[in-house]
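Bear in mind these aren't lab numbers, they're just calculated from the coordinates by the rules spelled out. All values reported here derive from a predicted model rather than from experimental measurement. Cβ coordinates were reconstructed from backbone atoms using ideal geometry, including for glycine residues, and neighbour counts include every protein chain displayed.
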């Protein structure tokens with residue numbers, strides 16, 4: 001039985017003859033194979049086998065610095081806009097501006113959470129956090145999804161109250177206040193748009209900015225309609241419709257964030273397809289104990305036991321499997337345990 005841990009550029013094979021435990025750093029180039037205290041797994045057959053896991057991953061952060069800069073810039077322009085709204089709102093006694101300033105504070109909180117997750121994920125691994133703190137991006141995405149639903153739910157609640165008890169709305173003042181939000185949130189969303197395609201953490205911050213920009217457009221339109229028609233119910237009705245659209249559009253992000261937090265395979269990866277692809281590799285007789293889980297919102301790990309007839313050819317098999325997972329499924333952290341068909345379950 002041979003255990004391999006493969007990084008796309010650094011792979012090694014180590015005969016697993018020891019039950020000693022090793023403290024290992026998942027970002028170094030050292031490769032260890034170890035049994036977990038002689039732990040064997042019986043599968044209804046007359047024997048067990050040790051599970052050695054060697055890890056030797058290269059530096060695959062997949063967290064471009066420009067995204068951290070983009071989040072910081074988005075926070076800065078939102079903070080400046082909140083200060084402007086607060087000062088001008090107090091000076092002119094414009095409650096709409098003060099209310100919008102309070103709402104925009106939630107955007108800054110969302111951006112701060114995304115930035116913190118991004119920053120923590122770039123920290124180097126330690127003995128205690130052997131993978132580093134990459135999962136901070138997953139926690140940030142869950143928090144941002146929950147915050148987005150909470151804020152949008154608050155808007156829905158207020159809209160329902162205003163529909164039941166209509167109140168006069170200064171349409172032109174509301175439109176003027178929202179117009180600035182379109183520009184500020186639109187710029188912030190554009191800064192985050194590129195990163196949102198591949199990183200769920202960045203996507204959470206992007207959705208906060210984009211949803212606020214959409215709501216601001218709705219406020220401008222409804223404000224002008226109210227000023228023109230005098231129909232005050234158009235303002236809460238518009239907010240209610242747009243809020244429902246935002247909730248529906250954001251549901252997938254919340255679902256995926258929670259799944260990643262629970263170590264589910266990322267949505268972009270079909271475990272059955274991965275299993276079939278590995279099974280088709282030359283030399284593989286069977287496979288079992290296939291596990292796929294996220295290390296962060298951009299990185300995925302895999303462990304699997306491959307059963308082969310010829311252990312001598314396992315080096316070549318390992319290289320083929322590593323390249324397959326990297327190119328076809330973007331899995332850059334893979335650990336293989338190679339077992340002889342004569343001894344495996």
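Working ranking of peptides 173-185, 105-117, 274-286, 195-207 by packing, defined as the average number of other Cβ atoms within 10 Å per residue, highest first, is 195-207, 105-117, 173-185, 274-286. By other beta-carbon atoms within 10 Å, ranking 193, 253, 133 with the fewest at the front produces 193, 133, 253.
Remark: spin-label model distance residue 227-residue 149 equals 3.7 nm, labels positioned 7 Å along the Cα→Cβ axis. Each principal axis of the Cα cloud of region 65-261 was taken in turn, and the coordinate range along them, longest first, works out to 65, 33, 24 Å.
Modelled label positions at residue 237 and residue 275, each set 7 Å beyond Cα in the direction of Cβ, lie 5.3 nm from each other. Computed over region 65-261, relative contact order equals 25 percent, with contacts defined as Cα pairs under 8 Å that lie 6+ residues apart. Between residue 327 and residue 340, the modelled labels are 3.2 nm apart [label points 7 Å from Cα along Cα→Cβ]. Each peptide in 293-300, 122-129 was scored by the mean count of other Cβ atoms within 10 Å over its residues; highest first, the order is 293-300, 122-129. By other beta-carbon atoms within 10 Å, ranking 165, 118 with the fewest at the front produces 165, 118.
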